[in-house]
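Chemist: Take this structure first; my questions come after.
The values are calculated or read from the model by the stated rules, or taken from the named source; none is laboratory data. The structure displayed is predicted, hence computed values, not measured ones. Positions of Cβ are backbone-derived with ideal geometry, glycine not excepted, and every protein chain shown enters the neighbour counts. Surface accessibility is based on the protein's heavy atoms, side chains included, excluding ligands, DNA and RNA. Shrake-Rupley method; radii C 1.70, N 1.55, O 1.52, S 1.80 Å.
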Amino acid sequence: MPTVIAIKTAERFKPAAAKFEVSCASCNLRELCLPGTLCVEDLERVENIVYARRRVKRGEVLFNGGAEFNAVYAIRSGFFKSSVLDGEGREQVTGFFMGGELIGLDGLGSGSYNGTAIALEDSEVCVLPYALIEQMAREVPALQRRLHAVLAREIVRDHGVMLLLGSMRAEERLATFLLGLSKRFLRRGYSASDFHLRMTREELGSYLGLKLETVSRLFSQFQAAHLIDVEQKHVRILDIPGLERVLAAKH
């Protein structure tokens, strides 16, 4: 039965390709991705979910908002943004995603992707057809629990964004973003204090609900306070406790 589902699901993907032979067990992002901490036996079964790997060039669309939801994508390498268009046709950035994270989960409830996902650098994703995820989740309870945990994490992240835009001062928004990005890089084994921003300042401003001029002013302000050092898109966090104090400061 799973084989039949796989064949039918595969027909919905372009370009058509044979199933990719992939080993989640050897992937250095295993602990961050959907397989998570599954046992070896379950992991071998779950690997059948990964239908293909897909390379996405910088600026290329992974999926469009409003398109039929048929797969979740595990980012193997690279960086993506998700965005929607407001009532006047302007782009509103709704999230940034990096290696080890899943993108496309917003289509789970409505049956269509809520936003458009675009690669901010050359990237590679694993294609996880949702029909196969559902089938395997029924057969592997540990996978179902893992999927629920991932969905819960996304809900928490969405609530965090709402808090960010709804009640924080401009300084707190940027400090929160930089600290969050620092933790995400650290989880992946990268430096928590020295990294490149893949997004433009316009895209960052859109996500934080700030004007471009405000974002640039805040970067300069943080640099003058010796909290960070900025050179174009290269950021070094000099004082993590200092950024945390920005969040603790009274309005």
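Chemist: Inside the stretch 127-146, can you point out the residues that are open to solvent by 20 Å² or more (accessible area, probe 1.4 Å) and either part of a strand (DSSP E or B) or in contact (Cβ under 8 Å) with a residue 24 or more places away in the chain (or both)?
Modeler: Of everything in the stretch 127-146, those that are open to solvent by 20 Å² or more (accessible area, probe 1.4 Å) and either part of a strand (DSSP E or B) or in contact (Cβ under 8 Å) with a residue 24 or more places away in the chain (or both) turn out to be TYR130, ALA131, GLN135, GLU139, ALA142, ARG146.
Chemist: Here's another thing I want to ask about it. Can you name the condition, by its number, that ASP106 falls short on among (1) part of a strand (DSSP E or B); (2) within 13 Å of the chain's Cα centre (by Cα)?
Modeler: (1)
Chemist: Looking at the stretch 139-150, can you tell me whether even one residue there is farther than 24 Å from LEU181 by Cα and either touching a strand residue (DSSP E or B) at 6+ places or on another chain (Cβ under 8 Å) or of a type in the set (S, T, N, Q) (or both)?
Modeler: Within the stretch 139-150, one or more residues are farther than 24 Å from LEU181 by Cα and either touching a strand residue (DSSP E or B) at 6+ places or on another chain (Cβ under 8 Å) or of a type in the set (S, T, N, Q) (or both).
Chemist: Residues to consider are GLY100, GLY107, GLY115, GLY111; find the one that is touching a Ser or Thr at 6+ places or on another chain (Cβ under 8 Å) and under 18 Å from ALA71 (Cβ atoms).
Modeler: GLY115
Chemist: Okay, next question. Tally up the residues in the stretch 78-90 that are of a type in the set (S, T, N, Q) and within 11 Å of the chain's Cα centre (by Cα), please.
Modeler: Taking the stretch 78-90 as the starting set, the residues that turn out to be of a type in the set (S, T, N, Q) are 82-83.
Right, trim to within 11 Å of the chain's Cα centre (by Cα) and you get 82.
Residues in the stretch 78-90 being of a type in the set (S, T, N, Q) and within 11 Å of the chain's Cα centre (by Cα): 1 in total.
Chemist: Of everything in the stretch 186-222, what is closer than 15 Å to LEU120 by Cβ, in contact with a strand residue (DSSP E or B) (Cβ under 7 Å, 6 or more places away or on another chain) and either assigned to a helix (DSSP H, G or I) or of a type outside the set (A, V, I, L, M) (or both)? Give them in sequence order.
Modeler: Selection gives PHE195, HIS196, ARG198, GLU203, SER206, TYR207.
Yes/no matrix, rows are residues, columns are (1) open to solvent by 40 Å² or more (accessible area, probe 1.4 Å); (2) within 18 Å of TYR207 (Cβ to Cβ); (3) of a type outside the set (Gly, Ala, Ser); (4) within 11 Å of the chain's Cα centre (by Cα):
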residue	(1), (2), (3), (4)
ASN70	no, no, yes, no
ALA74	no, no, no, yes
GLN92	yes, yes, yes, no
PHE96	no, yes, yes, yes
GLY99	no, no, no, yes
GLY115	no, yes, no, no
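Listed here are the residues, each with its yes/no results for (1) at pLDDT below 95; (2) farther than 24 Å from PHE80 by Cβ; (3) touching a strand residue (DSSP E or B) at 6+ places or on another chain (Cβ under 6 Å); (4) surrounded by fewer than 17 Cβ atoms within 10 Å (Cβ to Cβ).
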residue	(1), (2), (3), (4)
VAL156	yes, no, no, yes
LEU165	yes, no, no, yes
THR176	yes, no, no, no
ALA224	no, yes, no, yes
LYS250	yes, yes, no, yes
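Chemist: Could we say that VAL84 is outside any loop (DSSP other than H, G, I, E, B) and either open to solvent by 10 Å² or more (accessible area, probe 1.4 Å) or under 12 Å from LEU62 (Cα atoms) (or both) here?
Modeler: Spelling it out, VAL84 is indeed outside any loop (DSSP other than H, G, I, E, B) and either open to solvent by 10 Å² or more (accessible area, probe 1.4 Å) or under 12 Å from LEU62 (Cα atoms) (or both).
Chemist: List every residue pair whose Cβ atoms sit under 7 Å apart, with the two residues 6 or more apart in sequence or on different chains, where the first one lies in the stretch 35-52 and is surrounded by fewer than 21 Cβ atoms within 10 Å (Cβ to Cβ) and of a type in the set (Asp, Glu) and the second, anywhere, is at pLDDT below 70 and not in a helix (DSSP H, G or I).
Modeler: That search, which allows pairs on different chains as well, returns GLU47/VAL22; GLU47/SER23.
Chemist: If you don't mind, there's one more thing I want to ask. Tally time: how many residues in the stretch 199-222 are more than 14 Å from ARG236 (Cα to Cα) and open to solvent by 20 Å² or more (accessible area, probe 1.4 Å)?
Modeler: 15
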